[in-house]
1. Which one is nearest to the chain's Cα centre (by Cα), of the residues in the range 33-78 that are part of a loop (DSSP other than H, G, I, E, B) and either among the aliphatic types (A, V, I, L, M) or at pLDDT 85 or above (or both)?
2. Does residue 59 count as surrounded by 10 or more Cβ atoms within 10 Å (Cβ to Cβ) and of a type in the set (Asp, Glu)?
3. Report whether or not residue 25 is of a type in the set (D, E, K, R) and surrounded by 10 or more Cβ atoms within 10 Å (Cβ to Cβ).
Amino acid sequence: MEITIDIGYEQLLAAIKKLPAAKIKQLKSVLNEEFIEQKASNDLSDFQEFLLKGPIMNEEQYKQHQANRKNFNSWRTK
């Protein structure tokens, strides 16, 4: 069974501040640096998601791109 609660950051912070010191210490030990770093590495930024949803080249388009690049490079050196 899973329950999902949608509360804001400020509400969560206020609830945590009302906990007894022992419970805050227990929560802090659970949310250690390793856990936070692992969680952050799994989350994609908006920009990363934007890039992953972007268009990609097929083989034919890539070959055309390479040919165009070769032509542009030859123009620069002349």
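1. Restricting to residues being part of a loop (DSSP other than H, G, I, E, B) and either among the aliphatic types (A, V, I, L, M) or at pLDDT 85 or above (or both), the top hit is 44.
2. Numbers: surrounded by 10 or more Cβ atoms within 10 Å (Cβ to Cβ): no; of a type in the set (Asp, Glu): yes.
No.
3. yes
The values are calculated or read from the model by the stated rules, or taken from the named source; none is laboratory data. Because the structure is a prediction, the values reported are computed rather than measured. Neighbour counts are summed over all protein chains in view; Cβ atoms, including those assigned to glycine, are modelled from backbone coordinates with ideal geometry.
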